[in-house]
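The values are calculated or read from the model by the stated rules, or taken from the named source; none is laboratory data. Since the model is a prediction, treat every value here as computed from it, not as a measurement. Positions of Cβ are backbone-derived with ideal geometry, glycine not excepted, and every protein chain shown enters the neighbour counts.
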Amino acid sequence: MTEVLDRESLKALSTEARQDIIKHLSKRPYTASELAKLMNKHVTTISEHLSILEKSGLIQRKQSENKWVYYALTPKGDKLFKPRFYSWIVVLSISLLCLFGGLFSVLSVSMYSSSFSAQTAEKAADSRELMAATVNQSAPNTSIAYTDYTLTYGIGIILIIVAILGIGYLIYKKREQKIRVSI
């Protein structure tokens, strides 16, 4: 859902210093003195900017266990600079495609190898001469097929690993978001 900016928010974002403050706060909560050091400005100037941003609803004060007052983005401010909705859908879609593609590759190689073993066993049961002829004639083809299926199996495993990493990344980001909200 798109967030509509009101006049106060537009006014708050009209100066470059406030835009820089928002960019810093998108990474983690900061105190006014930390922001002043980062931006090479006086603490009172930063405090004025912070009060304007707070009135607009883009940032909020957070009391900590010690005497420091931290400033962090509100959900409204966070949505302006981090469109999370689309990024998690893209990561999840790619992860699922990799997972299904990897599983298909691995299973197709497994099915091929079991059918190849069954065919070889049937030919061996027919006669020894037929088996010797089959081995001599199909040896080059078998090694090529084995190499192709080994490559397919390896690609399948890599796709499954990419899928697991993508899903793990989504879980990590969700936990990070919960931690950021609780600070």
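Quick check, is Gln137 part of a helix (DSSP H, G or I), farther than 30 Å from Lys62 by Cβ and modelled with pLDDT under 55? Judged against the criteria, Gln137 is a match.
The rows are residues; the columns are (1) outside the structural domain of Ile155 (by TED's automatic domain parsing); (2) within 30 Å of Ile157 (Cβ to Cβ); (3) of a type in the set (A, V, I, L, M); (4) modelled with pLDDT of 85 or more.
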position: Pro29; (1), (2), (3), (4): yes, no, no, yes
position: Leu38; (1), (2), (3), (4): yes, no, yes, yes
position: Gln63; (1), (2), (3), (4): yes, no, no, no
position: Tyr70; (1), (2), (3), (4): yes, no, no, yes
position: Leu73; (1), (2), (3), (4): yes, no, yes, yes
position: Phe104; (1), (2), (3), (4): no, yes, no, yes
position: Ser110; (1), (2), (3), (4): no, yes, no, no
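Return the residues of the range 18-42 that are over 28 Å from the mean Cα position of the chain (by Cα) and surrounded by 15 or more Cβ atoms within 10 Å (Cβ to Cβ); say none if nothing qualifies. Spell out the reasoning first.
So the first thing to find is which residues in the range 18-42 are over 28 Å from the mean Cα position of the chain (by Cα), and the list is 18, 31-42.
Within the range 18-42, Arg18, Thr31, Ala32, Glu34, Leu35, Ala36, Met39, Lys41 qualify.
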